[in-house]
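One structure is given below, encoded as structure tokens.
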Amino acid sequence: MVDFSTILAGFGDAFSLINLLFVICGVILGQFVGAVPGIGPIMAMAIAIPFTFALDPLVAISFLVGVNKGGLVGGAVPAVLMNTPGTPDAAATAMDGYPLAKKGKPLKATKMALFSSVTGDTFSDIVLITVSAPLAVLALRMGPIEIAALMIFAFSVLAGLIGNSLTKGIIAAALGLLVASVGTDPEHYTPRLIFGYWDLFDGLPLPSVAIGMLAISEILRRMSDAHGSVRSAIIMEDTGNPDDRRVTWAEYWSCRYTMLRGATIGTIFGALPGIGSTAAAFMSYAFTKARSKDPQSFGKGNLHGIAAAESANSAVVGSNLIPLLTLGIPGSVSAALIISAFMIHGMQPGPLLFENQGRLVYGLFGAMIMANFINLWIGQVGLRLWVKVVSAPESIIFSSAVLLCFVGVSMATNGLFGVAIMLIFAVIGYLMSSFGYPLVIFIIAFFLGPRFEKSIAQSLALTNGDLTQVLKSPVAVALLLLSVVSFVWFLARSREAEL
């Protein structure tokens, strides 16, 4: 156990003036890059890591954590205001945030996103501080068979996102899995579907596909609807009601169970390496919609939809550090960047980290809690600024967004090949949305596809193709049973809605 004096010393280091200033700078930078489609906090963290070498280890890592936390809040801003998610995680937020903004309540939508994000983030940080070791043990016990069963459970939840057409939803999921198979076979490492383009050897880059389908395709659709006229990027009606510009305590409190469910899902998904915040956001949204007494209101500006998505994707940030700090295993791209920052400063995350660097670890915990309050404070100021920005002509807003998407994707993929992929998927996304195929299902299937295929290959290798070996894993059996139950449940709810 870490000595109590070490814990107090760590929290004292976190609340020093220099650390506070760098956390503030990190949150501001994170919110900015998150709010700009095509950049995102991951890219900002990757660029910032070399510059943190000259900083104190706690200051450097706290700065990176601030960028990551601020980026998730910032990503919700263009998702709500323009239906153009700044990060893939915010795609679920746009499903109800954008319709609510179109009703003349952009501040209400963005504030609900902010409050839910901070709530989910704080919940996962508390879990990280108090029960990180037990959850890390649980994640360590999840072998390939259990991970494969978890992936099947995640795909079964897609039934809740299919929408009005079961056939189109299944086709979208199948296309997502097909596109995810581009690259190398995880078992034999042989190239597939690359057509001589060795840039595709590692698969299609996620930034290109996500930004192309979610951002560029929406910009293309909005520009095609303009018919040469000049108008604001989003038409917002002023209802004249002060309650439409704020989230009342009653509205926030009514979403408490939604945020608790989303934060729990995000915390669990974050503690399991490889799942990520995008899957957590969509699964939380699907569960909330399924349990709602009025599922028809989702997709039309329901605050519970915003709360479910934002509380889940933000909760992943804290719990991602559970396997990183206790096992030395990064659970996401952002965690992998943070672990590289640890190694730059001569520290090796793992079981001995709490014993050897206990003061630093608890200083990091203090910085994370501090970053949540800073996120809330800066977000309150920044949201008003971003709501005013969208009053500019959409020709300026969208052309700037397209330029930043080009620059951001080219930097993230190290060349123009990624930009070409982005444009191809922008056209695919435009066509799919025009014919009523859900982009949400395509994106989540593409996101989970490689991990699902890898876990299936590993499971088959471990069991020698004998599927009865799955019965020896109680966790896998439970997850498979939940998959059947959830699929039947969502399918029944979908048919009830159609009737």
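The values are calculated or read from the model by the stated rules, or taken from the named source; none is laboratory data. Please read all numbers here as calculations on a predicted model, not as lab measurements. A quick note on method: Cβ atoms are made from the backbone with ideal geometry, for glycine too, and the neighbour counts reach across all protein chains shown. Heads up: the accessible areas ignore ligands, DNA and RNA and are worked out on the full protein's heavy atoms, side chains in. Shrake-Rupley method; radii C 1.70, N 1.55, O 1.52, S 1.80 Å.
Here the label points at residue 246 and residue 9, each 7 Å from Cα along the C-beta direction, are separated by 4.6 nm in the simple model. Residue 208 contributes about 0 Å² of solvent-accessible surface, heavy atoms of the protein only, 1.4 Å probe. Legend: calculated FRET efficiency, residue 470 to residue 193, from the Cβ-Cβ distance at R0 = 51 Å, rounded to 0.05, equals 0.95.
List the pairs from 69/454; 69/293; 111/300; 105/300; 168/300; 102/168 whose alpha-carbon separation is above 22 Å, in the order I gave them.
Numbers: 69/454 29 Å; 69/293 32 Å; 111/300 17 Å; 105/300 12 Å; 168/300 20 Å; 102/168 27 Å.
Check vs 22 Å cut-off fails for 69/454; 69/293; 102/168.
Full extension of the chain between residue 348 and residue 126 gives 77.6 nm of extra length, using 0.36 nm per residue less the Cα-Cα distance.
Give me the base-10 log of I(q)/I(0) for the range 393-439 at each q in 0.21, 0.22, 0.24, 0.33 Å⁻¹, Debye formula, one uniform scatterer per Cα, rounded to two decimals. Each listed q maps to, in turn, -0.80, -0.84, -0.88, -0.99. Inter-label distance, residue 294 to residue 381: 3.7 nm, where each label sits 7 Å from its Cα along the C-beta direction.
Each of 187, 218 has its accessible area taken with a 1.4 Å probe; listed largest first, they run 187, 218.
Rg then Dmax, both in Å and based on the Cα atoms of the range 420-472: 17.1, 47.
Across the range 298-318, the residues whose backbone nitrogen lies under 20 Å from the label position 7 Å along the beta-carbon direction of residue 253 are 303-305, 307-308.
Got a sec? What order do 293, 102, 111, 472 fall in by accessible area at 1.4 Å, biggest, i.e. largest, first? Can you show the working numbers first?
Values: 293 205, 102 110, 111 15, 472 150 Å².
The residues order as 293, 472, 102, 111, largest area first.
When the surface is traced with a 1.4 Å probe over the full set of protein chains, residue 197 keeps roughly 130 Å² accessible. Here the label points at residue 424 and residue 484, each 7 Å from Cα along the C-beta direction, are separated by 4.0 nm in the simple model.
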